[in-house]
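Trainee: After the C-alpha cells below, expect a handful of questions from me.
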Amino acid sequence: MKPEDDFYIGWQSDAPLSIRKVVWRAVIALALIVPILAGLLVWQQRGFSGAVFEYGTLTTLEGELIRTPVPFLRVPVKQTADNAPLFERVLLIGFNKRGADSTLNAWERKYGPLTNKRLKVRGTLIYHDGKAALELTEEADALIDVSGIKPSSIPPVSSTLGQSSLGIVRLTGEITDPKCMLGVMKPGQGRPHRSCAVRCIAGGIPPLLAVQNRSGQRNYYLVVGPMGEPLNASILINVGRSVELRGRLEQADNWLILYTDSVQPLAQAPLDRSMQVAMCW
Amino acid sequence: MALNYLPVSWNGQKKLYDWTIAGLATVYLVIFCGLQAVLFPDVTAETIIIRATSTLAFLMLHVILIIGPLCRLSTRFLPLLYNRRHLGVSMFLVASVHGIFSVIQFHSRGNVDPLVSLFTSEPGYEHLSQFPFQTLGFFALLILFLMAATSHDFWLKNLSPRVWKTLHMGVYVVYGLLVMHVLLGVLQQETATVYTVVLGIGMALVIGLHLAAAIVSQRTDSRPLGQAMDGFVEVCDVHEIAENRAKTLMINGQNIALFRYDGKVSAINNQCRHQNGPLGEGKIIDGCITCPWHGYQYLPHNGQSPPPFTEKVETYAVKCISTRVWVDPTPAPPGTPQTPALLNGQ
C-alpha cells in the first residue's frame, strides 16, 4: 500500500487537513446512515397487538371462584332481557411467571375451601380479543373480601354451568402463555418470546393455543389434558412451536378449553430442511 | 505513549471521538425509540429498550469491524482506529443493556434461576431452527465483557501484546455468534425482507473489506525476493523506499519493516509492541519510527522506544550494495542496536 503523504498521530492536537476531510466524510456518512437505519428497522416491524396490561393499576372484581380445569373468577357482567345473568370468566394468574394455584391454596388454607364461593379479588387486569386475565399481584392480600362466601343475590353455580361441549376438533397453532399473550409482553408469542412462555408455563400458568386464520384473526384455547389435568410439564417441549392439537373442545362462558389427547409438532421447520439440504451438497 | 497508567489519557482527538460516538448513539436511540412510540404505540417499554439497544450495538459492531480493513486500505481512516477501544467499550455497554433487559424480561421471576433458565428453557440444541439463540448472545456478551474489561493499556502490558491481541481477536467470534443470534432469533419472527437485506449488506461489508485488505496486504508483503548471500537476502532497490518511510517484507516468516532515513536504511520488526500495529506503515518523525495506529515510537537503529519509554522490537542486519538493499532475516533480540546501512553515493 502506498502511504499517503500526510501522517496521522492521535496524540497530536490536530490531524492533517486531508485526513480530517476523509474522517469528516465518514462521520457524515454515518450521520446519514444512523437515522435512516433506525427508521427503517422500526418501520418494517410486524407490529404489536392492542393487548393491555394495566400495570400499576389494581382492579377489584367480584365473582365465583372456579378452580378446575383452570382457575377462573366467574364474573356477572350484565343481565339478559329475562333477567338471567350473563357471565364472563376472568383467568386467574399468579404474580410474576407463576400460576394462581399457590396463591389460591394459601387462601384456602386461611379460609377453607373456596371453590364455587363468591369472592372479591383485587389484581392487575390483562385483556385482549375478548379474553381477560387477572394477575394476583398482591398474592395473599389479593383476596380482599371473603364475606361474599355467604349466599348472595346471585345463586352459586357449579363449575360446569356455562360450559358446553363443541365436539372433537383438530387445531393448528402456537402454544404460548396467556399472561404474555393477553398483554404483559409485546410480542407475547413467537421465537424471541419462546423461552419466556416456557418459564410461565413451567411456573404453572395454563398453556394457551393461539390459532390464527388466513385473514390474521386469532382465537385462543386454554389447553388441558383429556381429563382436565394440567399438561404444563409435558407440553413444554412444544411451547413456541407450530403444533397440531386434537381433542374435545368446550366453551366455558367466553373462553374455549381444549381437552387434548394429542399434541403433535408440525412438520420439520423450513430452516432445518434447508440446512439438511445444504449439508447433503 | 504514557509512563503512568491513567483511566483515560485524554486528548483533544479522543474527546472529539467520544463526543461523536455519544452523539450518533443518542441520535439512533432517540429516532428508534421515538418512532417506535409514534408508529407502534402498543409496544411495551421493555421491547423498545431491548430492540433499540440490540440494533444499535450490532450497528456499532459493524463499524468497529470495518475500521480495521479501511485503515489497511487507506491510512486516511486512521483517526477512526485511534480510539476504537472507546467505541468497543461503548458497544459493550449498549449490548449489556440489551442482554440484562432480555434476561430480566424472558428469564427472571420464574421457577428457576434466570441463568439456568437461559440454558434450559429451550432444549432444542440438535435442531437449527430450535437452537436456543439466546445462549449465543450470552456467550457473545461474555467475550465482549472480557474484551472491555481488558481494554486498558494496563492489561495490554501485563497480558503481553500477543495474548491481548489474541483475546481481542475474539471480536470475530462475537460477530459470528451475533449473526447466528439474529438469524435464529428475531429474524424468525420479524420476517420482512428488509431485515435480511440489511444484515446481508452488513456482512458483505465486513467480509468484503477484510478480503480486500488481505489481498492488498498479500500483494505488498509477497514481492519476489532476490538472491541470498551469507544469510542476507536481496530485497529491493533503495529507490523503492520513500524517505522517512518503509517497505514491508515477509522473509522466512519474519515481518520486517525496512526504513529509509537520513541517507541510511534500518530494519526492525513490523509489529508495534503496543497493539501489533503495522510499523512499516508508519513514518519517521523527529528521528523516531512512529506507529500509525497509536503513535508509539521506536529508534530505527535499535528498535527501542526513546527514553524514558521502554518498548523494544526485534532488529535486523541490513547492508547496501550499490543501490540494492540486503536484509538478514534472522531477528536480533528486541532492542539490539544494528549499524544502519549507508546509502552509496548519498
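The values are calculated or read from the model by the stated rules, or taken from the named source; none is laboratory data. Values in this document were obtained by computation on a predicted structure and should not be read as measured data. Note that each Cβ is placed from the backbone with ideal geometry, even for glycine, and that neighbours are counted across all protein chains shown. Accessible surface is based on the protein model in full, side chains and every heavy atom, while ligands, DNA and RNA are left aside. Shrake-Rupley method; radii C 1.70, N 1.55, O 1.52, S 1.80 Å.
Trainee: Name the one entry in B:Arg109, B:Arg76, B:Arg85 that is among the basic types (Lys, Arg), surrounded by fewer than 22 Cβ atoms within 10 Å (Cβ to Cβ) and more than 23 Å from A:Pro187 (Cα to Cα).
Mentor: It is B:Arg85.
Trainee: While we're here: Restricting to region A:156-170, and then to whatever is under 25 Å from the mean Cα position of the chain (by Cα) and open to solvent by less than 40 Å² (accessible area, probe 1.4 Å), can you tell me which residue is modelled with the lowest pLDDT?
Mentor: Across region A:156-170, the extreme among qualifying residues is A:Ser159.
Trainee: Okay, next question. Return the residue satisfying two criteria in turn: it lies in region B:278-304 and is more than 26 Å from A:Ile19 (Cα to Cα) and open to solvent by less than 40 Å² (accessible area, probe 1.4 Å), and of such residues it is farthest from the other protein chains (Cβ to nearest Cβ). Quick ask: steps written out before the conclusion?
Mentor: The initial filter retains those residues of region B:278-304 that are more than 26 Å from A:Ile19 (Cα to Cα), namely B:301-304.
Next cut, open to solvent by less than 40 Å² (accessible area, probe 1.4 Å) only: B:302-303.
On the way: B:Asn302: 21, B:Gly303: 19 Å.
For region B:278-304, the residue satisfying everything is B:Asn302.
Trainee: Return the total of residues in region A:109-120 being surrounded by 15 or more Cβ atoms within 10 Å (Cβ to Cβ) and either on the phi > 0 side of the Ramachandran plot or not in a strand (DSSP E or B) (or both). Walk me through it before giving the result.
Mentor: If we filter region A:109-120 for residues that are surrounded by 15 or more Cβ atoms within 10 Å (Cβ to Cβ), which is where we start, we get A:114-120.
From the residues that got through so far, the ones that are either on the phi > 0 side of the Ramachandran plot or not in a strand (DSSP E or B) (or both) too are A:114-117.
So the answer is 4.
Trainee: Which condition from (1) open to solvent by 40 Å² or more (accessible area, probe 1.4 Å); (2) within 13 Å of chain A (Cβ to nearest Cβ) is the one that B:His152 breaks?
Mentor: Of (1) open to solvent by 40 Å² or more (accessible area, probe 1.4 Å); (2) within 13 Å of chain A (Cβ to nearest Cβ), only one is false for B:His152: (2).
Trainee: Looking only at region B:34-58, which residues are more than 15 Å from A:Lys186 (Cβ to Cβ), open to solvent by 20 Å² or more (accessible area, probe 1.4 Å) and in contact (Cβ under 8 Å) with a residue 40 or more places away in the chain?
Mentor: B:Ser54, B:Phe58 - these are the residues of region B:34-58 that are more than 15 Å from A:Lys186 (Cβ to Cβ), open to solvent by 20 Å² or more (accessible area, probe 1.4 Å) and in contact (Cβ under 8 Å) with a residue 40 or more places away in the chain.
Trainee: Looking at region A:67-81, which of its residues are out of contact with any Pro (no Cβ under 9 Å at 6 or more places or on another chain) and either touching a residue at least 60 places away in the same chain (Cβ under 8 Å) or open to solvent by 50 Å² or more (accessible area, probe 1.4 Å) (or both)?
Mentor: A:Arg67, A:Thr68, A:Phe72, A:Leu73, A:Arg74, A:Ala81
Trainee: Kindly indicate whether any position in region B:209-216 is assigned to a strand (DSSP E or B), within 11 Å of another protein chain (Cβ to nearest Cβ) and touching a residue at least 60 places away in the same chain (Cβ under 8 Å). Reasoning before the result, please.
Mentor: Step one: of region B:209-216, the residues assigned to a strand (DSSP E or B) are none.
The answer is no, given that none of the residues of region B:209-216 is assigned to a strand (DSSP E or B), within 11 Å of another protein chain (Cβ to nearest Cβ) and touching a residue at least 60 places away in the same chain (Cβ under 8 Å).
Trainee: Right, here's the next one. Mind listing whichever residues of region A:166-225 are assigned to a loop (DSSP other than H, G, I, E, B), basic (Lys, Arg) and within 11 Å of another protein chain (Cβ to nearest Cβ)?
Mentor: Of everything in region A:166-225, those that are assigned to a loop (DSSP other than H, G, I, E, B), basic (Lys, Arg) and within 11 Å of another protein chain (Cβ to nearest Cβ) turn out to be A:Lys186, A:Arg191.
Trainee: Is it the case that A:Phe72 is away from chain B (no Cβ under 14 Å) and among the aromatic types (Phe, Trp, Tyr)?
Mentor: yes
Trainee: All but one of (1) modelled with pLDDT of 90 or more; (2) outside any loop (DSSP other than H, G, I, E, B) hold for B:Asp42, so report the exception by its number.
Mentor: Condition not satisfied by B:Asp42: (2).
Trainee: Something else about it: Which helices (runs of 4 or more DSSP H) sit wholly inside region B:80-196 and have at least 2 residues that are among the hydroxyl-bearing types (Ser, Thr, Tyr)?
Mentor: B:84-107, B:114-120, B:170-184
Trainee: A follow-up question, please. When you check B:Gly137 against the structure, is it within 14 Å of chain A (Cβ to nearest Cβ), in contact (Cβ under 8 Å) with a residue 12 or more places away in the chain, among the small types (Gly, Ala, Ser) and open to solvent by less than 70 Å² (accessible area, probe 1.4 Å), yes or no?
Mentor: On the way: within 14 Å of chain A (Cβ to nearest Cβ): yes; in contact (Cβ under 8 Å) with a residue 12 or more places away in the chain: yes; among the small types (Gly, Ala, Ser): yes; open to solvent by less than 70 Å² (accessible area, probe 1.4 Å): yes.
Taking the combined requirement at face value, the residue satisfies it.
Trainee: For region A:34-66, give me each residue that is open to solvent by less than 70 Å² (accessible area, probe 1.4 Å) and assigned to a helix (DSSP H, G or I).
Mentor: Of everything in region A:34-66, those that are open to solvent by less than 70 Å² (accessible area, probe 1.4 Å) and assigned to a helix (DSSP H, G or I) turn out to be A:Val34, A:Pro35, A:Leu37, A:Ala38, A:Gly39, A:Leu40, A:Leu41, A:Val42.
Trainee: Only one of A:Val52, A:Val42, A:Val27, A:Val34 is closer than 16 Å to B:Leu59 by Cβ and within 33 Å of the chain's Cα centre (by Cα); which?
Mentor: When all the criteria are applied, what remains is A:Val42.
Trainee: Just checking, does region A:15-33 include any residue being at the interface with another protein chain (Cβ under 7 Å from one of its Cβ atoms), under 29 Å from B:Gly295 (Cβ atoms) and part of a loop (DSSP other than H, G, I, E, B)?
Mentor: First pass over region A:15-33, keeping only residues at the interface with another protein chain (Cβ under 7 Å from one of its Cβ atoms): A:15, A:18-19, A:22-23, A:26-27, A:30-31.
Subset that is under 29 Å from B:Gly295 (Cβ atoms): A:15, A:18-19, A:22-23, A:26-27, A:30-31.
Within this subset, residues satisfying the condition of being part of a loop (DSSP other than H, G, I, E, B) are A:15.
For region A:15-33, residues at the interface with another protein chain (Cβ under 7 Å from one of its Cβ atoms), under 29 Å from B:Gly295 (Cβ atoms) and part of a loop (DSSP other than H, G, I, E, B): present.
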